[in-house]
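Student: After the structure tokens below, expect a handful of questions from me.
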There are 4 protein chains.
Amino acid sequence: MDSINQLADLFKKFPGIGPRQARRFVYYLLSADPSVLDQMSEKIKNLKKDIKQCTECQRYFSNGYNPKSSLCKICADTLRDKSSLLIVEKDIDLEAVERSGSYHGYYFILGGSVPILDPSPETHIRFPILLSKLESKIKDGLSEIIIALSVTTEGEHTAHWLAAKLHPLSEQTKIKISFPGRGLSTGSELEYADSETIKNALANRQ
Amino acid sequence: MDSINQLADLFKKFPGIGPRQARRFVYYLLSADPSVLDQMSEKIKNLKKDIKQCTECQRYFSNGYNPKSSLCKICADTLRDKSSLLIVEKDIDLEAVERSGSYHGYYFILGGSVPILDPSPETHIRFPILLSKLESKIKDGLSEIIIALSVTTEGEHTAHWLAAKLHPLSEQTKIKISFPGRGLSTGSELEYADSETIKNALANRQ
Amino acid sequence: MDSINQLADLFKKFPGIGPRQARRFVYYLLSADPSVLDQMSEKIKNLKKDIKQCTECQRYFSNGYNPKSSLCKICADTLRDKSSLLIVEKDIDLEAVERSGSYHGYYFILGGSVPILDPSPETHIRFPILLSKLESKIKDGLSEIIIALSVTTEGEHTAHWLAAKLHPLSEQTKIKISFPGRGLSTGSELEYADSETIKNALANRQ
Amino acid sequence: MDSINQLADLFKKFPGIGPRQARRFVYYLLSADPSVLDQMSEKIKNLKKDIKQCTECQRYFSNGYNPKSSLCKICADTLRDKSSLLIVEKDIDLEAVERSGSYHGYYFILGGSVPILDPSPETHIRFPILLSKLESKIKDGLSEIIIALSVTTEGEHTAHWLAAKLHPLSEQTKIKISFPGRGLSTGSELEYADSETIKNALANRQ
């Protein structure tokens with residue numbers, strides 16, 4: 001197999017990329033300036049060196065701002081609200097919440113979701129790490145865990161699984177477990193809304 | 001213009017129907033059993049006779065269940081919750097809410113929405129009728145008006161216009177004006193949610 | 001069942017219309033001017049009277065232009081090219097070909113297509129009628145039958161079935177049986193074209 | 001700007017990739033096995049070394065099969081049909097034609113298309129290179145140039161521009177200039193076909 005095919009095979013594993021677009025990527029690189037290839041090769045080579053995984057929230061972050069820190073900017077910021085922990089699935093979910101400017105506590109990146117009927121749910125998500133982090137957070141005044149996963153079948157399944165697993169701790173420590181409110185989202189039309197969404201929108205009316 | 005074109009022109013005015021699908025409807029009817037055409041012609045001819053408009057909520061309803069009543073089944077049902085009035089844009093919105101089984105008060109069908117920058121908003125919706133109905137509803141114990149319009153630019157504009165118009169009455173009578181809760185709707189993924197939706201979902205967490 | 005539901009049920013049988021859009025059609029009619037309903041009812045009632053089916057090509061046509069004729073304008077036009085017959089599936093296909101201005105012979109509307117593995121193909125299409133028409137057309141100088149069906153699995157199956165059925169007649173009378181040329185259609189990009197289309201486009205290069 | 005953003009910026013320039021999917025690519029790489037990053041970095045770094053551009057048809061090809069050859073496998077194959085040259089826009093178009101198995105001559109990759117009203121068409125495509133290659137191809141027996149570009153506004157504009165430019169040569173040398181046949185492509189339905197496609201499908205009937 002030649003280099004075009006080999007590189008296309010690597011691009012084919014990118015999220016959402018099929019065999020044809022993978023080849024288009026290779027041809028784009030072939031027609032690009034050599035400096036673009038050099039930069040890209042360099043960046044990919046050093047990616048895991050340049051980027052650390054935060055030892056607290058598990059997100060990826062640039063090593064640049066403080067090479068000695070093992071914490072990302074958010075986890076290193078002692079002025080955030082210690083009473084609240086928001087659990088999301090992916091790094092990019094955290095970015096969406098930060099962009100909204102409406103949350104000031106800390107985060108934990110679960111790193112995946114639990115497939116329905118899966119015999120070993122804990123292999124898909126960072127549950128043991130989460131548990132180990134909770135201890136010190138409780139000492140620091142944690143009073144609420146918000147489980148903010150996607151409102152899809154697998155997302156809701158994961159949220160329920162997680163809530164059940166955290167239930168004993170919640171009972172024992174009086175830490176509240178909550179979920180983002182459901183209701184009409186931007187662009188929703190009543191006519192097309194499902195019954196669950198309407199029920200929640202009416203219950204959460206404001 | 002021949003009958004195919006004339007009938008296609010009438011179908012073209014149906015919501016969401018273009019010229020080509022309009023012609024397809026005519027050809028469907030031409031190839032259908034004559035009894036289908038007779039039934040359809042009859043039903044359309046008598047539609048306004050068979051169907052009344054409820055004098056209270058303004059929705060359309062079948063005359064059949066009680067030919068003497070000028071009220072639809074919901075408005076005629078004295079056991080529903082008199083403290084609550086839900087304002088929707090269209091008949092089909094009311095059907096969606098009823099299907100959810102999560103609302104037990106009365107309704108009012110606004111019959112449209114107010115375009116932004118329109119010089120005469122009241123011509124687009126049944127606002128004078130709404131006002132005239134509120135008087136007796138207040139006597140009957142109304143304590144909350146829920147303005148449940150679409151979360152689109154025009155829907156939100158209409159909701160704000162309506163809320164402003166009802167504000168003096170609300171001040172005077174202590175009737176609460178509310179809106180359906182905003183948040184993640186079924187199928188929402190955090191990653192794609194807009195900031196407004198995330199903000200509301202976190203504020204309404206449960 | 002009330003009139004709204006009864007009429008929605010009739011609309012639900014229209015091509016491409018689901019239960020929700022069917023109800024939307026009924027609510028559109030309820031809010032429309034009564035004159036629109038009267039016109040529509042009248043047009044539908046008289047549709048089969050106003051519109052005849054051409055005894056030759058089997059298309060539907062308005063009775064208006066010549067109430068005594070049993071032939072549509074095209075079949076009644078003796079100046080068209082008698083040597084050519086174009087077989088299409090639907091009336092609306094004929095309209096597309098006429099709009100192109102590129103065909104001057106006569107037509108036959110097959111009225112359907114033959115599902116694959118169907119035990120009784122002839123029940124789906126007007127094959128016996130086609131056969132009965134061919135006799136006089138041959139006397140009038142027919143020399144080519146163009147089978148112009150959709151390039152879909154069922155369309156191609158129907159075209160092959162029809163060609164096989166017409167083969168003996170073709171052998172006997174030297175009438176040529178042909179098919180529309182395959183190749184790149186407007187908007188095609190070579191990159192996305194399937195091998196069959198590329199093969200035909202190259203074979204038919206011009 | 002940190003490495004996540006820098007790498008996302010490079011991915012954003014890939015064909016068809018927006019800012020959000022670019023970030024998703026980076027997070028995919030962060031969570032991938034380090035060996036995947038090493039391979040990818042290596043492959044991209046050496047891409048222009050591993051892959052040569054054929055001096056004849058201008059396509060990219062792997063250096064592997066014969067490190068000393070400056071010709072791709074197709075151009076190096078002396079058994080192909082020397083009488084025919086197929087001009088395509090992109091490498092991936094050549095792949096689509098080869099996959100069809102219906103062409104046995106040589107190719108030339110134009111490398112782009114000419115925007116409408118552009119003041120300097122020749123800067124967008126490899127026209128001077130094409131001209132320089134034609135000389136020896138004519139000596140070798142070239143008798144037909146097939147201009148196989150996309151059937152889009154810009155593709156057709158480029159094809160016409162190219163045909164006009166090659167016209168004097170064609171006159172002088174009797175080399176035929178042709179275009180892929182137009183007609184119904186796989187999946188086409190007559191009802192939706194444009195007039196140009198129908199006209200060509202009927203003209204090219206077979």
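Student: Can you put A:T153, D:T186 in order of Cβ neighbours within 10 angstrom, beginning with the fewest? Could you put the intermediate results ahead of the total?
Tutor: On the way: A:T153 13, D:T186 16.
By the 10 Å Cβ count, ascending: A:T153, D:T186.
Student: Ok, one more. For D:Y107, which sequence-distant residues (separation of 5 or more, or a different chain) have an amide H within less than 5 Å of its own amide H, given hydrogens modelled in the peptide plane?
Tutor: Here D:L86 satisfy the definition.
Student: Let me ask you something else. Between C:T55 and the same site in the other copies, what are the distances in nm, shortest first, taking label points 7 Å from Cα along the C-beta direction?
Tutor: Once sorted, the set of distances for C:T55 reads 6.0, 7.7, 9.6 nm.
Student: Here is a further query. Work out from phi, with θ = phi - 60° and the Karplus expression 6.51 cos²θ - 1.76 cosθ + 1.60, the ³J(HN,Hα) of each residue of the stretch C:194-206, listed in order in whole Hz, and give x for Gly and Pro.
Tutor: Each residue of the stretch C:194-206 in turn: 6, 4, 4, 5, 5, 4, 5, 4, 6, 5, 8, 4, 9 Hz.
Student: Quick one: order A:R24, A:R59 by neighbouring beta-carbon count within 10 Å, fewest to most. The partial results should precede the final answer.
Tutor: On the way: A:R24 21, A:R59 26.
The most exposed by this proxy come first: A:R24, A:R59.
Student: Near the amide H of D:S178, under 5 Å away, which other amide H atoms are found, from residues 5 or more places off or on another chain, if H is placed in the peptide plane?
Tutor: Close amide H contacts, sequence-distant or interchain: D:I145, D:I146, D:I147.
Student: I want to check the label-to-label distance for A:L169 and B:T78. Put each point 7 Å from Cα in the C-beta direction and report it in nm to one decimal.
Tutor: 5.7
Student: For label points placed 7 Å from Cα toward Cβ, what is the shortest-first list of nm distances from C:D2 to its copies?
Tutor: Distances between equivalent label points, in nm: 4.0, 5.9, 7.1.
Student: Between A:R205 and residues 5 or more places away or on another chain, which pairs have amide H atoms under 5 Å apart, with H built 1.01 Å from N, and which residues are they?
Tutor: Amide H to amide H, under 5 Å and 5 or more residues apart or across chains, A:R205 pairs with B:G181.
Student: How high is the relative contact order of the stretch C:3-53, in percent, counting Cα pairs under 8 Å that sit 6 or more residues apart?
Tutor: Values: 20 pairs, mean separation 12.7, N = 51.
Relative contact order here is 25 percent.
Student: Can I ask one more? Can you give the relative contact order of chain C as a percent, counting alpha carbon pairs under 8 Å and 6+ residues apart? Walk me through the intermediate numbers first.
Tutor: On the way: 228 pairs, mean separation 26.4, N = 206.
RCO, chain C: 13 percent.
Student: Note down the nm distance, to one decimal, between modelled labels 7 Å out along Cα→Cβ at C:N63 and at B:Y28.
Tutor: A separation of 2.5 nm, rounded to one decimal place.
Student: To one decimal in nm, how far is A:S31 from the same spot in the other copies, if labels go 7 Å from Cα toward Cβ? Please give the shortest first.
Tutor: A:S31 label point versus its equivalents elsewhere: 3.3, 4.5, 4.9 nm.
Student: Work out from phi, with θ = phi - 60° and the Karplus expression 6.51 cos²θ - 1.76 cosθ + 1.60, the ³J(HN,Hα) of each residue of the stretch D:122-128, listed in order in whole Hz, and give x for Gly and Pro.
Tutor: Result, rounded to whole Hz: 5, 6, 8, 9, 8, 6, x.
Student: What list do you get for D:K68, C:K199 if you sort them by fewest beta carbons within 10 Å? Could the numbers behind the result be given before it?
Tutor: Numbers: D:K68 5, C:K199 18.
Listing D:K68, C:K199 from fewest to most nearby Cβ atoms yields D:K68, C:K199.
Student: Same structure, new question: Mind checking which chain B residue has its Cβ closest to the axis relating B to C, and how many whole Å off it is?
Tutor: Closest to the axis: B:S41, 2.
Student: Considering only the other residues whose Cβ falls under 12 Å of the Cβ of A:I177, what net charge follows from Lys and Arg at +1 and Asp and Glu at -1?
Tutor: Numbers: positive: A:K165, A:K174, A:K176, B:R205; negative: A:E144, A:E171.
Once all neighbours under 12 Å are counted, the net charge is +2.
Student: Taking θ = phi - 60°, what integer Hz values does the Karplus form 6.51 cos²θ - 1.76 cosθ + 1.60 yield along the stretch B:19-31, in sequence order, with x for Gly and Pro?
Tutor: Values per residue, Gly and Pro as x: x, 6, 5, 4, 5, 4, 4, 5, 5, 4, 5, 5, 8 Hz.
Only the coordinates and a few stated rules stand behind these numbers; no lab work does. Please read all numbers here as calculations on a predicted model, not as lab measurements. So basically every Cβ, Gly included, is an ideal-geometry build from the backbone, and we count neighbours across all protein chains shown.
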